[in-house]
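Below: one structure, written as C-alpha cells.
Coordinate-derived values only; no laboratory data. Quantities reported herein were computed from a predicted structural model and do not represent experimental measurements. Positions of Cβ are backbone-derived with ideal geometry, glycine not excepted, and every protein chain shown enters the neighbour counts.
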Amino acid sequence: MRANQQPGSKKTLNLTALQNTPGFMIRLVQLKFFEGFYEHFAEMGVTPASFSILALIRDNPGIPPSTVASLLRLRLPNLIKMLNELESSGIIKRNRSKADRRAVELALTPKGAKLIQEAAKVSEPYERRMLAPLSEAEQDTLIKMLNRILPL
C-alpha cells in the first residue's frame, strides 16, 4: 500500500490541499529527517536535540543555557534536564561566568568536542542523502528560504 492509498483499497487519495499547506509539509519533512536521524545516529547516542545543543556550544563557547533554550525553542526546564544528562555523561561542563558569578556558561569537554566532531562528519552524508531529490542549487535555495522564514 502506498502512503496516498486508503487501507484495503487501491483508490488513490486526493492530498492536494495538504500538499499545498506549507506548515503540514514542513512538519512531515521534519518527521522524515528526525526518523532518519534517530536511525543514522543511534550508535553514537546523539539525538536531534543533543546534536543541536552540542553544535551551538561548539560554535559559541560560553553560551548561557537561556540562550540555547531560546534559539532551539526549548523550555528551560527541559533543556536543563538534557544538560544534566550531557554533563553527567562527561560531554559538557557548566562554568560560572567570570564577568557575572551568578551566570552559567556552557562548554564542551574533550569528550564532547570529539562527539560533535564525529557527529558532524556523519551528518554531512546523511543530509546529502536526505536532500538528494533536490539539485545542489535547489538545496541552497531551500536553506536560504527557510532562513528567511525563520531568521535566527
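Tabulated values for the structure
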| read-out | value |
| --- | --- |
| Environment charge of Lys111, counting only residues whose C-beta is closer than 13 Å and scoring Lys/Arg +1, Asp/Glu -1 | +1 |
| Additional length obtainable on full extension of the chain from Glu138 to Leu13, 0.36 nm per residue less Cα span | 42.2 nm |
| Over the range 44-97: Kirkwood hydrodynamic radius from C-alpha pairwise inverse distances, Å | 11.3 Å |
| Local electrostatic count at Phe51 - Lys and Arg +1, Asp and Glu -1, tallied over other residues with Cβ under 13 Å | -2 |
| Stretchable slack from Leu56 to Ile80, in nm (0.36 nm times residue separation minus alpha-carbon distance) | 7.1 nm |
| Modelled FRET efficiency - R0 25 Å, Arg101 with Leu150, Cβ distances, 0.05 increments | 0.15 |
| CD proxy at 222 nm, helix term only [per DSSP H run n ≥ 4: -39500 (n - 2.57); per residue of the chain; nearest 500] | -19000 deg cm²/dmol |
| GNM result for the chain, Cα springs below 10 Å: residue of Leu13, Leu131, Leu108 fluctuating most strongly | Leu13 |
